[in-house]
Amino acid sequence: MRRYDSYADDYYVNLNLNTEMELPQTRDTVLHFFEQLQKHYPTMRNFFTRERGEFVLEEDKDRGTYRWATVEGRRICSGYVNPTSVEDAMKQHTHVLDLIPYSLSVSPMDCESLSVMYGFDYNYRGNHNQLLVDALGVCPAFEKLAEMEGATMLCHEPAIQFALDANCKTQCRLSIETRTSAYHIRTGEYPEDQVSVYFTARRYGSLDIGETFHSAMNRLAEIAQEIVDNYIVENVLRPLQQTIAIK
């Protein structure tokens, strides 16, 4: 399976599982889950709690590539930043799914939503919103507005969401997040910050009879990779990369 680091400064592949019921939050249960994960990935040794009660285990970030996992009140996340391959990231997510029925008492019935997300970050010093106009354009109905004399683009964050079945149980979302504010534009002081492209394939509801977390994740991963490879790389990632290179 291919790498995507040639298309962005950083890329990552994440798994998110939202549950209907609250997850166990006791000390022994949470530590046991992360200890089991650490046995498989010994370099995940940085454990801490965020202010909002989110438990985190991650590798050192200074190498530029690292694994992480979190447990929140009703969500379990697994991520791999700049993985050696997408396959390696999916192996990590598979292991997390192997652990949660026993360590955190999560059953297929308890699934509120399951998603696989690809993220791509681009470092850029300048107006992120104008960058997106230059790289990707705007919809035809808005072109004249974008071309108005003296107009400065303050917000342009394209997004599209669509369903892949009649009951809207499986959905996909492509969105782009900018980090340029009116203050940056007014002062002309632009920090080097990241433009982020996110693509998420998500399925809602409890798993069907005979369906497993593995099979549901694998189907979402296939959908995500097909759309990233066949559409997003050529129509979003390359244009962004090329436009940044000439600015």
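The values are calculated or read from the model by the stated rules, or taken from the named source; none is laboratory data. Since the model is a prediction, treat every value here as computed from it, not as a measurement. Cβ sites come from the backbone with ideal geometry, for glycine too, and all protein chains shown count toward neighbours. The area values use the complete protein model at the heavy-atom level, side chains included, leaving out ligands, DNA and RNA. Shrake-Rupley method; radii C 1.70, N 1.55, O 1.52, S 1.80 Å.
How high is the relative contact order of the chain, in percent, with contacts defined as C-alpha pairs under 8 Å that are six or more residues apart?
Numbers: 428 pairs, mean separation 55.7, N = 247.
So the answer I get is 23 percent.
Just the number please: accessible area per residue for the chain, 1.4 Å probe, all protein chains included, in Å². Working shown, then result.
Working: 12810 Å² over 247 residues.
I get 52 Å² per residue for this part.
Counting other Cβ atoms within 10 Å of each Cβ, which chymotrypsin sites (Phe, Trp or Tyr not before Pro) in segment 1-50 have at most 12 and sit in a DSSP loop?
Values: sites: Tyr4, Tyr7, Tyr11, Tyr12, Phe33, Phe34, Phe47, Phe48; in loops: Tyr4, Tyr7.
Hits after loop and neighbour filter: nothing returned.
Roughly how many Å is it from the Cα centre of segment 12-53 to that of segment 173-233, as a whole number?
The two parts, judged by their Cα centres, are 22 Å apart.
Counting other Cβ atoms within 10 Å, which GluC sites (Glu not before Pro) in segment 154-247 have at most 13 and lie in a DSSP loop?
Working: sites: Glu177, Glu189, Glu192, Glu211, Glu222, Glu226, Glu234; in loops: Glu189, Glu211.
In loop regions of segment 154-247 (DSSP not H, G, I, E or B), the sparsely surrounded GluC sites (Glu not before Pro) are Glu189.
Hey, any idea what % of segment 200-247's accessible area is carbon plus sulfur with a 1.4 Å probe?
On the way: 1190 of 2520 Å².
That fraction is 47 percent.
Using a 1.4 Å probe on the protein chains only, how many percent of the accessible area of segment 1-153 belongs to carbon and sulfur?
The value for segment 1-153 is 50 percent carbon and sulfur by accessible area.
Please give the calculated 222 nm ellipticity per residue for the chain, where each DSSP H segment of at least 4 residues contributes -39500 (n - 2.57) and the sum is spread over every residue; nearest 500 deg cm²/dmol?
On the way: 7 runs with 75 residues, N = 247.
One gets -9000 deg cm²/dmol as the mean residue ellipticity at 222 nm.
With an 8 Å cut-off on Cα pairs and a minimum separation of 6 or more residues, tell me the relative contact order of segment 1-136 in percent. Working shown, then result.
Working: 220 pairs, mean separation 52.1, N = 136.
Relative contact order comes out at 38 percent.
Just need the Rg to Rh number for segment 125-247, please, alpha carbons only, Kirkwood Rh.
Working: Rg = 18.1 Å, Rh = 16.7 Å.
A ratio of 1.08.
Would you kindly work out the equivalent ellipsoid of the chain from its C-alpha gyration tensor and give its semi-axes, the square roots of five times the eigenvalues, largest first in whole Å?
Numbers: eigenvalues 245, 90, 57 Å².
Here the semi-axes work out to 35, 21, 17 Å.
Pick out, in residue order, every one of the trypsin sites (Lys or Arg not before Pro) in segment 14-59 that is DSSP loop and has at most 10 other C-beta atoms within 10 Å; say none if there are none. Please report the intermediate quantities before stating the final value.
Values: sites: Arg27, Lys39, Arg45, Arg50, Arg52; in loops: Arg45, Arg50, Arg52.
Sparse-neighbourhood loop trypsin sites (Lys or Arg not before Pro): Arg50, Arg52.
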